[in-house]
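Peer 1: Take this structure, written in structure tokens, and hold onto it; I'll ask about it next.
The values are calculated or read from the model by the stated rules, or taken from the named source; none is laboratory data. The model shown is predicted, which means the values in this text are computed figures rather than measured ones. Counting neighbours? That spans all protein chains shown, and the Cβs are built from the backbone with ideal geometry, glycine included. Ligands, DNA and RNA are excluded from the accessible area calculation, which covers all protein heavy atoms including side chains. Shrake-Rupley method; radii C 1.70, N 1.55, O 1.52, S 1.80 Å.
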Amino acid sequence: KEGTSAEIFPDPGFKPSRFYWAADEKGFYFSVTRTSDPIHDGPGADFLYYFDLETKKHWEIPLDWEWGLFYLGFQVREDGFVVSLANGARPKWRRYFKKGGSFIYKDLEGTHLPHLYGLFLQKEGNRAVYAHSTASLPTQWYSANLSGNILVPLRKITNLNAHLEKKTMAKTEVVRWRGAMNKEIEGILYYPHNYKPGHRYPLVVMIHG
């Protein structure tokens, strides 16, 4: 009723964010962070939910991905949504299509995937802009077209940090090892310039908490 309000998430430990209306405006998507330290809002993982306006109920959308969303979140489409999923050093990008009361998905494909660290889609239509970068290449922005699950670059629209093109960039490599609770950890190894196999070099470790 106009001019009134109603609490829809009474649990103080349930903290939704990133609200986006569904294309049919019958509800909205949002994310919720789950953390082992809810008092101080410590690091956690984000998961996707949907709230139905008619039933006033919400539920978690099964993404078939236990690590949850990457920090770039999701974008709603008329037939579902596109998400970035937490996947170590490089996000996994997927497009989910709504089929009745459930979803099917396809991994995004394209020239610059998975190295996308920004993706913005038209509210209606298939045009997009995205940020591409790697550990050895600074960010550049591209215009593109999203056809199904295929992201086709159209043209580069920036030429950022052009002075670096004349610089020697460090060789990089994604490495993996076993961490706490025998979980596989992923990181990026930067080699020193003029690296020679078999030689010992100092190692600096930067831990991402």
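Peer 1: I'd like the distance between the alpha-carbon centres of the range 122-165 and the range 49-97, rounded to an integer number of Å.
Peer 2: 22
Peer 1: Given a Förster radius of 45 Å and the C-beta distance between Leu203 and Val152 as r, what FRET efficiency does 1/(1 + (r/R0)^6) yield to the nearest 0.05?
Peer 2: Efficiency computed from Cβ-Cβ geometry: 0.65.
Peer 1: Pulled fully out, how much extra length does the chain show between Asp41 and Ala180, if you take 0.36 nm times their separation in residues and subtract their Cα-Cα distance?
Peer 2: 47.9 nm
Peer 1: Got a sec to turn the phi values of the range 67-73 into Karplus ³J(HN,Hα) couplings, 6.51 cos²θ - 1.76 cosθ + 1.60 with θ = phi - 60°, whole Hz, x for Gly and Pro?
Peer 2: 8, x, 7, 6, 5, 6, x
Peer 1: Counting Lys and Arg as +1 and Asp and Glu as -1, each charge on the Cβ, what is the dipole of the chain about the Cα centre in debye, to the nearest 20?
Peer 2: Dipole magnitude for the chain comes out near 960 debye.
Peer 1: Right, something else. D for the chain, whole µm²/s, Stokes-Einstein with Kirkwood Rh over alpha-carbon pairs at 20 °C and 1.002 mPa s: what number?
Peer 2: 107
Peer 1: Contour minus end-to-end for Leu164 and Glu25, with contour as 0.36 nm per residue of separation and end-to-end as the Cα-Cα distance?
Peer 2: Taking Leu164 through Glu25 to full extension adds about 45.4 nm, to one decimal.
Peer 1: Going through the range 122-185, which trypsin sites (Lys or Arg not before Pro) have at most 16 other Cβ atoms within 10 Å and a DSSP loop state?
Peer 2: Of the trypsin sites (Lys or Arg not before Pro), the ones in loops of the range 122-185 whose Cβ has at most 16 other Cβ atoms within 10 Å are Lys123, Lys167, Lys171, Lys183.
Peer 1: With a cut-off of 8 Å between alpha carbons and a minimum separation of six or more residues, what is the relative contact order of the range 50-123 in percent?
Peer 2: Dividing the mean separation by the residue count of the range 50-123 yields 20 percent.
Peer 1: Separate question: Short version: ³J(HN,Hα) in whole Hz for each residue of the range 8-23, in order, from phi by Karplus 6.51 cos²θ - 1.76 cosθ + 1.60 (θ = phi - 60°), x for Gly and Pro, what are they?
Peer 2: Each residue's phi maps through the Karplus curve to give 10, 10, x, 6, x, x, 9, 10, x, 8, 6, 8, 9, 5, 5, 4 Hz.
Peer 1: Under 5 Å between amide H atoms, partner at least 5 residues away or on a different chain: which partners does Ile150 have, H built in plane at 1.01 Å?
Peer 2: It is Glu109, by chain and number.
Peer 1: While we're on this one: Given a 1.4 Å probe and every protein chain left where it sits, what share in percent of the accessible area of the range 88-209 is carbon and sulfur?
Peer 2: 54
Peer 1: Shifting gears a bit: Between Thr4 and Leu137, what length comes free when the chain is fully extended (0.36 nm per residue of separation minus the Cα-Cα distance, one decimal in nm)?
Peer 2: That pair, Thr4 and Leu137, stretches by 42.7 nm at full extension.
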